[in-house]
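Remarks on the structure that follows.
The values are calculated or read from the model by the stated rules, or taken from the named source; none is laboratory data. The model shown is predicted, which means the values in this text are computed figures rather than measured ones. Ideal geometry is used to build each Cβ from the backbone, glycine not excepted, and the neighbour counts take in all protein chains shown. Please note that ligands, DNA and RNA were not included when accessible areas were found on the heavy atoms of the full protein model with its side chains. Shrake-Rupley method; radii C 1.70, N 1.55, O 1.52, S 1.80 Å.
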Amino acid sequence: AVVSTQSTGESPRYYAVHGKPEQAMTILQKIAATNNVDLIEGEVEPALPFSNSYLDVYRQPYTRVAVILSILQFSLMFVRDGMFYFVADLMSSGYCDLSDFFESKFANVDGCSLYTPYQYLIYISMYVLFIPGYWASGTSSELLGRKKTFLWSSWILLGALMMLFICINYVITFTLILLLFMCVAAVNNTIWIYSPERFPTTMRATSCGIFNTVNRLGAAAGAFTTEYVDSYSLHATLATYVVAAAVIVVAVLFISKETRGTLLVDQAVERDYRSTDKRGGASNKD
């Protein structure tokens, strides 16, 4: 990470905002050379200052989309990190004979619980399934659009969680768990594709920082839920994740704007001018 950051240039907009047009032009020329394109002749104009207030993200005309994306981030990480701990409890509980099939009894050494190789295999499989989830959502976002990608991935996620209640045997249980984590990756990737496209450059970094904070809070809440609710019932814990997935589905239904095929510059101009209605009566509806 240290090496890669040293080779990464500063944002040209940062230099433009801070009155350094020469440095901004230098970065743009490097970007153009890297992409093998000709840079249009001209000068870097002073840019609007960045938003330093987190509250601006939740003010009009961004309120609706900011709330929706915050709900998606919190709920999705609640499910993802909670399910990581839940799967360990599931394997050691004998639920649907999963522990018998994977021989997943915990080995206690000096009071410490150690994973068996089979448990490691399951967790590695869950992480590996993130890869096709990311790939599928990225491809789908370009072919079908962001909204449709949100829809199919969130519905499959909810369906996989609900089917864990009525799983027949260990094979189906294991398959559903892997499908679940693939859909988690798909929803997560689509969120990070969609979020930067909905905010202008003056507050894009701030908004992404807020959403990342929210998803960490969701992750902590999911782990906390598994730790304390599991002591009562695995079904009760699973029910909380089903509810969270249902919240994701409902939130996705309120996403009204498709950003596929729209240039970021168009998004920025539209969002900057909507609140002041400078583009011929543009509304504040998200």
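Some values worked out for this structure:
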quantity	calculated
Members of region 65-94 that are surrounded by fewer than 21 Cβ atoms within 10 Å (Cβ to Cβ) and either modelled with pLDDT under 90 or not in a helix (DSSP H, G or I) (or both)	84, 85, 88, 89, 92, 93, 94
Output for region 187-209, where each listed residue is among the hydroxyl-bearing types (Ser, Thr, Tyr) and either more than 12 Å from residue 56 (Cα to Cα) or open to solvent by 30 Å² or more (accessible area, probe 1.4 Å) (or both)	190, 194, 195, 201
Condition met for residue 176 (within 19 Å of the chain's Cα centre (by Cα) and in a helix (DSSP H, G or I))	no
Hits in region 153-173 - residues which are assigned to a helix (DSSP H, G or I) and out of contact with any helix residue (DSSP H, G or I) (no Cβ under 7 Å at 6 or more places or on another chain)	159, 166, 171, 172
Region 213-227, subset closer than 20 Å to residue 189 by Cα and touching a residue at least 40 places away in the same chain (Cβ under 8 Å), residue surrounded by the most Cβ atoms within 10 Å (Cβ to Cβ)	222
Matching residues, region 178-200, being closer than 25 Å to residue 16 by Cα and in contact with a Lys or Arg (Cβ under 6 Å, 6 or more places away or on another chain)	196, 200
Number of positions in region 179-199 that are of a type in the set (Val, Ile, Thr) and over 8 Å from the mean Cα position of the chain (by Cα)	2
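Residues checked against (1) open to solvent by less than 60 Å² (accessible area, probe 1.4 Å); (2) modelled with pLDDT under 60; (3) more than 21 Å from residue 255 (Cβ to Cβ):
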position	(1), (2), (3)
96	yes, yes, yes
102	yes, yes, yes
106	no, yes, yes
112	no, yes, yes
126	yes, no, yes
129	yes, no, yes
132	yes, no, yes
154	yes, no, no
168	no, yes, yes
